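The values are calculated or read from the model by the stated rules, or taken from the named source; none is laboratory data. Quantities reported herein were computed from a predicted structural model and do not represent experimental measurements. Cβ placement follows ideal geometry from the backbone for every residue including glycine, while neighbour counts extend to all protein chains displayed.
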Amino acid sequence: MPTFPALLHTVIEAPDCRAVAEFYRLLLGLHYREGEEPPPEGAPDDADWLVLLDQDGSRVMAIQENTRTTCPSWPSEDVPMQMHMDFKVPTVEDLERHRDHAEELGARLLYDRSQDEGEPLYVMADPAGHPFCLLVQ
C-alpha cells in the first residue's frame, strides 16, 4: 500500500506574526510550541515563525512573518483570497458566541449568511485580513 504525505499544519503569512498567532491561539484554544511563548512585557519580540498546537500537542497552524503581504480584498477579486480556513461549530448559538469572541479578538465581519437554514455561516477576517469562515455543521 502506498504512503502519502500527511498535512503537518497550515501556514499563513502576516506582517505581524505575533499578533495573528495570538488571535488564533485565543480564538481556537491553542498553545504555542515550547519556547515560542510571548516574551515578558517590554521585552523585544523578534518572532518571525510561530507554531500553534492543539491540546494533544499536534500542530494545527504556523504563522510566518511577511511584511510584504497584501491583505485579500474578498469579496472583491482585486487581491484574491488564495486560501481560507473553515471552522465548524455545532449550533447557531455557538456560531453567535464564536463570532462575538472573534470580534473581541480583532476580527471583522466580511459576510453574514447566519440566516441560511442549510448552513449558517459568517465569513470573517483575522486582524491581518485573512478570511476564515465560522459555520454550523
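Residues considered: Pro2, Pro38. Of these, the only one that is touching a helix residue (DSSP H, G or I) at 6+ places or on another chain (Cβ under 8 Å) and without any contact (Cβ under 8 Å) to a residue 24 or more places away in the chain is Pro38. Taken over the stretch 97-118, the criterion of being of a type outside the set (Gly, Ala, Ser), over 21 Å from Glu22 (Cα atoms) and surrounded by 11 or more Cβ atoms within 10 Å (Cβ to Cβ) is satisfied by Tyr111, Asp112, Arg113, Asp116.
Any chance you could count how many residues in the stretch 27-56 are within 18 Å of the chain's Cα centre (by Cα) and on the phi > 0 side of the Ramachandran plot?
Here the count works out to 1.
Among the residues of the stretch 88-137, those that are assigned to a strand (DSSP E or B) and in contact with a Cys (Cβ under 6 Å, 6 or more places away or on another chain) comprise Leu121, Val123.
Scanning the stretch 32-74 for residues that are hydroxyl-bearing (Ser, Thr, Tyr) and out of contact with any Lys or Arg (no Cβ under 9 Å at 6 or more places or on another chain) turns up Ser58, Thr67, Thr69, Thr70, Ser73. Summed over the stretch 34-87, residues that are loosely packed, with under 14 Cβ neighbours inside 10 Å, modelled with pLDDT of 95 or more and not in a loop (DSSP other than H, G, I, E, B) total 0. Among the residues of the stretch 72-93, is any within 18 Å of Leu135 (Cα to Cα) and among the small types (Gly, Ala, Ser)? No, there is no match, as no residue in the stretch 72-93 is within 18 Å of Leu135 (Cα to Cα) and among the small types (Gly, Ala, Ser).
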